[in-house]
Amino acid sequence: MLNIDSLERGIVIDHIKAGCGMKIYNLLKLDELDCCVAVIKNARSSKYGKKDIIKIEDMVDLDLEILGFVDPHITIDVIDEGKIVEKKHLVLPQKLVNVIKCKNPRCITSIEEEIDHVFKLSGQGDHHYRCVYCEQEYQG
Amino acid sequence: MRHLIDPLDFSEAEIEKLLDVADDIALNPKKYSQVCAGKKLATLFYEPSTRTRLSFEAAMLNLGGSILGFATADSSSAAKGESVADTIRAVSCYADICAMRHPKEGAPLRASRYSRIPVINGGDGGHQHPTQTLTDLMTIRAKKHRLGNMTIGLCGDLKFGRTVHSLIKSLARYEGIQFVLISPEELQVPDYIVDEVLKGKDIPYEEVGNMEEVISSLDILYMTRVQKERFFNEEDYIRLKDSYILTAQKMRRAKKDMAILHPLPRVNEIAIEVDDDPRAAYFDQVQNGVYVRMALIMMLLEVTPC
């Protein structure tokens, strides 16, 4: 089994759906960090069988909005002195700003410069987001 | 400061009050002839319109105010690539209130976020047209003396017909409303209206393809035009444009007190012979549109007659 040192101080993004680790890595722009970052693919998981994990050897501000949208089952462990000092569970964000783009060619976002792409969680329940301008549902 | 961007921006009580003022304007126009003296309305029409723009302008002139603006995007700075946000910031320096029509959905909402004056959505793409809805509500209330407990048939282009979307959203707030949605499959009501308004609020509705089968059950028949300008593909437009034509013969099946509404302009979806039918209310809508826009301008400018 591959061994990655446990963190003394930093953040572990755990329970990432297997195969989505690099997507999260790119979305969070972790390539721009100076610290040590490990992406572990297909780690054993008692809950899901397989999972991806990202370990970051620093305390960084993560965009929990993006993470909650991509996969609300992800958990965030904040590690200090080798121990988990905080465990964050994600929820679907009510609002997404510049995370996804409206694809409706009739929407004002298709022509207006410097406009934020804003989506709101619709009343339909799980993972339905609508553009605040044209109300079209986001299709991933 | 308030704007009117979405038909639900006003509560039922506010709409009731606004329609009462509109009714009073119809009865006593002189009382309101100077309430907006010294005020200016900017009409920012990025898309051609006869009725809505003239209706807004007539409304402001009837209130003693003045008007300025443009009637096509070509004659505005939009042709030079100016953003909606920048245009409204400039217009806020020239006028006290503005009405905007734009082919892009959400443009008036964008404008309202940068504006220092009230913004009225005069129609945004295939999305919403809240002042047409106020006109429709005024006409329905005048004909039926109520806004609830009725069956409304909406016929034609229910996909891109912004007046349809706004009317469904508004009427869904009243008790006892049922909708019959009559359209070809390609022009059915968008998902967000079905999911969030009809299913979301448990409003009874049915989607049908044949007008004749359902016309006898309707209290209101709201006809719409298949709009060429909403299609990216002309072949689709040609195939669908003559889907429904209301004739005197079809009207024989309708209730004696059913009212026919249409946001106009009409092409051929209502035969000319139907105009003489006392149930035809679409030209009443045009007149009501001026009264209701007068009431709206007064409400947003917070002015009242002396």
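The values are calculated or read from the model by the stated rules, or taken from the named source; none is laboratory data. If you're wondering where the values come from, they're calculated on a predicted model, not measured in any experiment. All Cβ positions, even for glycine, are placed from backbone atoms using ideal geometry, and neighbour counts span all protein chains on display.
Which numbered condition trips up B:Lys169, out of (1) in contact (Cβ under 8 Å) with a residue 24 or more places away in the chain; (2) closer than 21 Å to B:His127 by Cβ; (3) over 15 Å from the mean Cα position of the chain (by Cα)?
Here B:Lys169 meets the rest and fails (3).
Restricting attention to segment B:116-149, and to residues there that are of a type in the set (S, T, N, Q), crowded, with 22+ Cβ neighbours inside 10 Å and not in a strand (DSSP E or B), which single residue is farthest from the other protein chains (Cβ to nearest Cβ)?
Filtering segment B:116-149 for residues that are of a type in the set (S, T, N, Q), crowded, with 22+ Cβ neighbours inside 10 Å and not in a strand (DSSP E or B), the one farthest from the other protein chains (Cβ to nearest Cβ) comes out as B:Thr139.
Taking into account only those residues within segment B:172-204 that are without any contact (Cβ under 8 Å) to a residue 40 or more places away in the chain and among the charged types (D, E, K, R), which is nearest to B:Asp157 (Cα to Cα)?
B:Glu185
Any idea which of A:Leu62, A:Leu67 is outside any helix (DSSP H, G or I) and in contact (Cβ under 8 Å) with a residue 12 or more places away in the chain?
When all the criteria are applied, what remains is A:Leu62.
Show me the strands (runs of 3 or more DSSP E) found entirely inside segment B:15-108 where at least 1 residues are more than 14 Å from chain A (Cβ to nearest Cβ) and farther than 23 Å from B:Gly125 by Cβ. Steps first, answer last, please.
On the way: elements: B:40-45, B:66-70, B:97-102.
Ranges flagged: B:40-45, B:66-70.
Identify the single condition in (1) buried (at least 18 other Cβ atoms within 10 Å of the Cβ); (2) closer than 17 Å to A:Asp31 by Cβ that A:Asp61 does not satisfy, given that it satisfies every other one.
(1)
Anything in segment B:163-187 that is crowded, with 17+ Cβ neighbours inside 10 Å and closer than 22 Å to B:Ile245 by Cβ? List them, or say none.
Correct list: B:Thr163, B:Val164, B:Leu167, B:Phe179, B:Val180, B:Leu181, B:Ile182, B:Ser183, B:Leu187.
Residue check: is A:Glu135 assigned to a loop (DSSP other than H, G, I, E, B), buried (at least 17 other Cβ atoms within 10 Å of the Cβ), within 13 Å of chain B (Cβ to nearest Cβ) and at pLDDT below 95?
Details: assigned to a loop (DSSP other than H, G, I, E, B): yes; buried (at least 17 other Cβ atoms within 10 Å of the Cβ): yes; within 13 Å of chain B (Cβ to nearest Cβ): yes; at pLDDT below 95: yes.
Against the criterion (assigned to a loop (DSSP other than H, G, I, E, B), buried (at least 17 other Cβ atoms within 10 Å of the Cβ), within 13 Å of chain B (Cβ to nearest Cβ) and at pLDDT below 95), A:Glu135 qualifies.
Working only within segment B:1-14, note down all residues that are without any contact (Cβ under 8 Å) to a residue 24 or more places away in the chain and under 17 Å from B:Gly123 (Cα atoms).
Within segment B:1-14, B:Phe10 is the sole residue that qualifies.
Looking at B:Pro7, B:Pro48 in this structure, which one is closer than 23 Å to B:Leu171 by Cβ and not aromatic (Phe, Trp, Tyr)?
Within the list B:Pro7, B:Pro48, the selection yields B:Pro7.
Looking at B:Ala59, B:Ala37, B:Ala71 in this structure, which one is within 30 Å of A:Ile111 (Cβ to Cβ) and either modelled with pLDDT of 95 or more or touching a Ser or Thr at 6+ places or on another chain (Cβ under 7 Å) (or both)?
It is B:Ala59.
What is the number of the single condition among (1) closer than 21 Å to B:Val189 by Cα; (2) in contact with a Gly (Cβ under 7 Å, 6 or more places away or on another chain); (3) surrounded by 24 or more Cβ atoms within 10 Å (Cβ to Cβ) that B:Ala99 does not meet?
In the conditions (1) closer than 21 Å to B:Val189 by Cα; (2) in contact with a Gly (Cβ under 7 Å, 6 or more places away or on another chain); (3) surrounded by 24 or more Cβ atoms within 10 Å (Cβ to Cβ), B:Ala99 misses (1) alone.
In a loop (DSSP other than H, G, I, E, B), surrounded by fewer than 17 Cβ atoms within 10 Å (Cβ to Cβ) and within 14 Å of another protein chain (Cβ to nearest Cβ), is that true of A:Lys120?
In short, no.
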